[in-house]
1. Once amide H atoms are placed 1.01 Å from N in the peptide plane, what residues at a sequence separation of 5 or more from B:Ser85, or on another chain, have their amide H within under 5 Å of its amide H?
2. Using a Förster radius of 35 Å, what is the FRET efficiency between A:Ala2 and B:Lys60 based on their Cβ-Cβ separation? Nearest 0.05, please.
3. Quick one: check the C-alpha center-to-center distance for the stretch A:1-46 versus the stretch B:1-63, whole angstrom.
4. Could you give the nm distance between label points at A:Lys9 and B:Ser79, where each point is 7 Å from its Cα heading toward the beta carbon?
5. Shape of the stretch A:27-113 from its Cα gyration tensor (a ≥ b ≥ c, root eigenvalues): rounded if a/c is under 1.5, otherwise prolate when a/b > b/c, or oblate?
6. Please give the solvent-accessible surface of B:Lys52 in Å², to the nearest 10, using a probe radius of 1.4 Å with every protein chain present.
7. What ³J(HN,Hα) values, in whole Hz, does the Karplus curve 6.51 cos²θ - 1.76 cosθ + 1.60 give for the stretch B:68-73 when θ = phi - 60°, with x put for Gly and Pro?
8. When chain B is treated as a GNM, springs tying every alpha-carbon pair under 10 Å, which of B:Ala50, B:Ala91, B:Ala27 comes out with the largest mean-square fluctuation?
Amino acid sequence: NAGVTQTPKFQVLKTGQSMTLQCAQDMNHEYMSWYRQDPGMGLRLIHYSVGAGITDQGEVPNGYNVSRSTTEDFPLRLLSAAPSQTSVYFCASRQQERSNEQFFGPGTRLTVL
Amino acid sequence: GNSVTQMEGPVTLSEEAFLTINCTYTATGYPSLFWYVQYPGEGLQLLLKATKADDKGSNKGFEATYRKETTSFHLEKGSVQVSDSAVYFCALSDRTSGTYKYIFGTGTRLKVLA
(Lines give C-alpha, C1' and ligand atoms only; values in the text may rest on other atoms or scores of the structure.)
Protein backbone atom coordinates (compact mmCIF):
# COMPACT_ATOMS: atom_id res chain seq x y z
CA ASN A 1 0.00 0.00 0.00
CA ALA A 2 1.31 3.41 -0.94
CA GLY A 3 -1.14 5.06 1.49
CA VAL A 4 -1.90 8.68 0.62
CA THR A 5 0.16 10.18 -2.18
CA GLN A 6 0.36 13.81 -3.24
CA THR A 7 1.90 15.55 -6.23
CA PRO A 8 3.75 17.78 -6.72
CA LYS A 9 5.95 18.13 -3.61
CA PHE A 10 6.82 21.74 -4.40
CA GLN A 11 5.23 24.34 -6.66
CA VAL A 12 5.79 28.01 -7.37
CA LEU A 13 3.00 29.99 -9.05
CA LYS A 14 2.50 33.55 -10.11
CA THR A 15 -0.54 35.47 -8.90
CA GLY A 16 -3.55 34.63 -11.07
CA GLN A 17 -2.29 31.28 -12.31
CA SER A 18 -4.37 28.16 -11.76
CA MET A 19 -3.23 24.67 -10.87
CA THR A 20 -4.40 21.36 -9.47
CA LEU A 21 -2.87 19.57 -6.50
CA GLN A 22 -3.27 15.83 -6.87
CA CYS A 23 -4.17 13.42 -4.07
CA ALA A 24 -4.75 9.69 -4.25
CA GLN A 25 -5.23 6.91 -1.70
CA ASP A 26 -5.21 3.15 -2.18
CA MET A 27 -6.85 2.14 1.10
CA ASN A 28 -10.44 2.29 -0.19
CA HIS A 29 -11.24 5.03 2.31
CA GLU A 30 -14.58 6.77 1.97
CA TYR A 31 -13.56 10.03 3.61
CA MET A 32 -10.93 12.37 2.17
CA SER A 33 -10.00 15.91 3.04
CA TRP A 34 -7.65 18.78 2.27
CA TYR A 35 -5.93 20.90 4.91
CA ARG A 36 -3.61 23.84 4.76
CA GLN A 37 -0.88 24.30 7.34
CA ASP A 38 0.28 27.79 8.21
CA PRO A 39 2.71 28.86 10.95
CA GLY A 40 0.98 29.36 14.29
CA MET A 41 -2.39 28.22 12.94
CA GLY A 42 -2.19 24.44 12.93
CA LEU A 43 -4.15 22.64 10.23
CA ARG A 44 -7.29 24.18 8.77
CA LEU A 45 -9.82 22.19 6.77
CA ILE A 46 -10.40 23.44 3.22
CA HIS A 47 -12.79 20.87 1.69
CA TYR A 48 -13.79 17.32 2.42
CA SER A 49 -15.60 14.41 0.82
CA VAL A 50 -17.55 11.61 2.51
CA GLY A 51 -17.60 9.51 -0.65
CA ALA A 52 -17.40 9.56 -4.44
CA GLY A 53 -19.59 12.29 -5.87
CA ILE A 54 -20.03 14.09 -2.52
CA THR A 55 -17.99 17.10 -1.43
CA ASP A 56 -18.47 19.86 1.10
CA GLN A 57 -16.75 22.99 2.36
CA GLY A 58 -14.55 23.13 5.39
CA GLU A 59 -13.31 26.05 7.42
CA VAL A 60 -11.41 27.94 4.67
CA PRO A 61 -12.87 26.98 1.25
CA ASN A 62 -12.62 30.30 -0.61
CA GLY A 63 -10.40 30.19 -3.69
CA TYR A 64 -10.40 26.38 -3.90
CA ASN A 65 -12.50 23.81 -5.74
CA VAL A 66 -12.64 20.04 -5.34
CA SER A 67 -14.30 17.08 -7.01
CA ARG A 68 -14.48 13.38 -6.16
CA SER A 69 -15.24 11.33 -9.25
CA THR A 70 -13.61 8.16 -7.85
CA THR A 71 -13.01 6.76 -4.37
CA GLU A 72 -9.25 6.98 -4.89
CA ASP A 73 -8.72 10.55 -6.12
CA PHE A 74 -9.48 13.92 -4.57
CA PRO A 75 -7.81 16.79 -6.48
CA LEU A 76 -7.71 20.34 -5.15
CA ARG A 77 -7.92 23.16 -7.70
CA LEU A 78 -6.71 26.69 -7.19
CA LEU A 79 -8.69 28.80 -9.61
CA SER A 80 -6.66 32.03 -9.51
CA ALA A 81 -3.72 31.81 -7.14
CA ALA A 82 -3.13 34.58 -4.59
CA PRO A 83 -0.14 35.18 -2.28
CA SER A 84 -2.44 34.38 0.68
CA GLN A 85 -2.58 30.81 -0.62
CA THR A 86 1.13 30.30 0.02
CA SER A 87 1.07 27.37 2.41
CA VAL A 88 1.73 23.67 2.86
CA TYR A 89 -1.22 21.56 1.72
CA PHE A 90 -1.99 18.14 3.15
CA CYS A 91 -4.42 15.58 1.86
CA ALA A 92 -5.79 13.09 4.38
CA SER A 93 -8.09 10.10 4.33
CA ARG A 94 -9.88 7.89 6.82
CA GLN A 95 -12.06 4.82 6.47
CA GLN A 96 -15.29 6.65 7.23
CA GLU A 97 -16.24 10.05 8.52
CA ARG A 98 -16.62 8.69 12.04
CA SER A 99 -13.30 6.79 11.97
CA ASN A 100 -10.69 7.96 14.42
CA GLU A 101 -7.39 7.67 12.62
CA GLN A 102 -6.53 9.90 9.70
CA PHE A 103 -3.75 9.10 7.24
CA PHE A 104 -1.87 12.03 5.78
CA GLY A 105 0.02 12.50 2.56
CA PRO A 106 3.54 14.01 2.56
CA GLY A 107 2.30 17.48 1.63
CA THR A 108 2.69 20.01 -1.17
CA ARG A 109 4.60 23.21 -0.44
CA LEU A 110 3.06 25.97 -2.55
CA THR A 111 4.49 29.46 -3.02
CA VAL A 112 2.50 32.13 -4.82
CA LEU A 113 4.51 35.14 -5.94
CA GLY B 1 -17.39 25.59 19.53
CA ASN B 2 -14.78 22.90 19.85
CA SER B 3 -11.15 23.90 20.21
CA VAL B 4 -7.72 22.57 21.13
CA THR B 5 -5.06 24.60 22.91
CA GLN B 6 -1.50 23.39 23.23
CA MET B 7 1.61 24.97 24.65
CA GLU B 8 3.63 27.24 22.44
CA GLY B 9 7.01 26.05 21.35
CA PRO B 10 9.65 25.57 20.59
CA VAL B 11 10.60 23.19 23.37
CA THR B 12 14.32 22.45 23.55
CA LEU B 13 15.54 19.56 25.69
CA SER B 14 18.71 17.58 26.19
CA GLU B 15 18.71 13.90 25.32
CA GLU B 16 17.23 11.70 28.09
CA ALA B 17 15.27 14.61 29.59
CA PHE B 18 11.61 14.28 30.59
CA LEU B 19 9.08 15.71 28.16
CA THR B 20 5.66 17.20 28.80
CA ILE B 21 3.63 18.99 26.15
CA ASN B 22 0.39 20.38 27.50
CA CYS B 23 -2.90 20.11 25.65
CA THR B 24 -6.37 21.19 26.78
CA TYR B 25 -9.59 21.02 24.84
CA THR B 26 -13.11 22.38 24.67
CA ALA B 27 -15.82 20.13 23.28
CA THR B 28 -19.59 19.98 23.38
CA GLY B 29 -19.80 16.18 23.19
CA TYR B 30 -17.55 13.26 24.09
CA PRO B 31 -14.57 13.65 21.80
CA SER B 32 -11.80 11.25 20.92
CA LEU B 33 -8.35 12.72 21.52
CA PHE B 34 -5.15 12.28 19.54
CA TRP B 35 -1.51 13.19 19.33
CA TYR B 36 -0.01 13.37 15.86
CA VAL B 37 3.69 13.80 15.07
CA GLN B 38 5.18 15.50 12.03
CA TYR B 39 8.82 14.80 11.23
CA PRO B 40 10.68 17.29 9.02
CA GLY B 41 9.45 17.24 5.43
CA GLU B 42 6.73 14.67 6.11
CA GLY B 43 3.01 14.52 6.70
CA LEU B 44 1.39 13.93 10.07
CA GLN B 45 1.38 10.46 11.62
CA LEU B 46 -0.85 9.25 14.41
CA LEU B 47 1.24 8.84 17.56
CA LEU B 48 -1.43 7.79 20.05
CA LYS B 49 -5.11 8.15 20.81
CA ALA B 50 -7.70 7.82 23.56
CA THR B 51 -11.40 7.50 22.93
CA LYS B 52 -12.95 7.89 26.39
CA ALA B 53 -12.30 9.40 29.78
CA ASP B 54 -9.41 7.88 31.78
CA ASP B 55 -8.08 6.00 28.75
CA LYS B 56 -4.31 6.13 28.37
CA GLY B 57 -2.83 6.13 24.91
CA SER B 58 0.77 5.02 24.50
CA ASN B 59 3.25 4.43 21.71
CA LYS B 60 7.04 4.58 21.26
CA GLY B 61 7.51 5.55 24.93
CA PHE B 62 5.02 8.43 24.69
CA GLU B 63 1.91 8.48 26.88
CA ALA B 64 -1.16 10.67 27.31
CA THR B 65 -4.19 10.22 29.58
CA TYR B 66 -7.67 11.48 28.72
CA ARG B 67 -8.67 13.63 31.71
CA LYS B 68 -12.29 14.71 31.45
CA GLU B 69 -12.28 16.59 34.75
CA THR B 70 -9.47 18.89 33.60
CA THR B 71 -10.26 18.61 29.85
CA SER B 72 -6.63 17.76 29.22
CA PHE B 73 -4.56 15.29 27.22
CA HIS B 74 -0.93 16.08 28.04
CA LEU B 75 1.81 14.25 26.15
CA GLU B 76 4.69 12.80 28.20
CA LYS B 77 7.85 10.83 27.60
CA GLY B 78 10.30 9.80 30.27
CA SER B 79 13.50 10.04 28.23
CA VAL B 80 13.57 11.82 24.89
CA GLN B 81 15.96 11.04 22.05
CA VAL B 82 17.34 13.21 19.26
CA SER B 83 15.10 11.25 16.88
CA ASP B 84 12.02 12.60 18.72
CA SER B 85 12.70 16.06 17.30
CA ALA B 86 9.50 16.91 15.42
CA VAL B 87 6.32 18.95 15.62
CA TYR B 88 3.59 17.47 17.82
CA PHE B 89 -0.09 18.21 17.25
CA CYS B 90 -2.89 17.60 19.71
CA ALA B 91 -6.28 16.98 18.06
CA LEU B 92 -9.83 15.99 18.82
CA SER B 93 -12.63 14.40 16.85
CA ASP B 94 -16.18 15.18 17.87
CA ARG B 95 -19.63 14.89 16.37
CA THR B 96 -21.04 18.37 15.82
CA SER B 97 -24.23 19.15 13.90
CA GLY B 98 -24.38 15.61 12.59
CA THR B 99 -20.85 15.50 11.22
CA TYR B 100 -17.54 14.37 12.70
CA LYS B 101 -15.02 17.17 12.78
CA TYR B 102 -11.33 16.98 13.47
CA ILE B 103 -9.84 19.99 15.26
CA PHE B 104 -6.07 20.42 15.49
CA GLY B 105 -3.98 22.48 17.87
CA THR B 106 -1.34 24.81 16.51
CA GLY B 107 1.51 22.35 17.03
CA THR B 108 4.50 22.33 19.37
CA ARG B 109 7.99 22.02 17.94
CA LEU B 110 10.34 19.82 19.97
CA LYS B 111 14.09 19.99 19.50
CA VAL B 112 16.24 17.43 21.33
CA LEU B 113 19.95 18.13 21.60
CA ALA B 114 22.58 15.40 21.86
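1. So B:Ser85 has HN proximity to B:Val112.
2. On the way: r = 23 Å, r/R0 = 0.66.
The computed FRET efficiency comes out at 0.90.
3. First find each Cα centre; the distance between them is then 23 Å.
4. According to this spin-label approximation, the distance is 3.5 nm.
5. Details: a/c = 2.04, a/b = 1.52, b/c = 1.35.
Because a/c hits 1.5 or more and a/b exceeds b/c, the stretch A:27-113 counts as prolate.
6. 120
7. Result, rounded to whole Hz: 5, 5, 10, 6, 10, 8.
8. Checking each option, the largest mean-square fluctuation is seen for B:Ala27.
The values are calculated or read from the model by the stated rules, or taken from the named source; none is laboratory data. As the structure is a computational prediction, the values presented were derived from the model and not from experiment. Reconstructed Cβ throughout: ideal geometry from the backbone, glycine too, with neighbour counts over all protein chains shown. Keep in mind that these areas ignore ligands, DNA and RNA; they rest on the heavy atoms of the full protein, side chains included. Shrake-Rupley method; radii C 1.70, N 1.55, O 1.52, S 1.80 Å.
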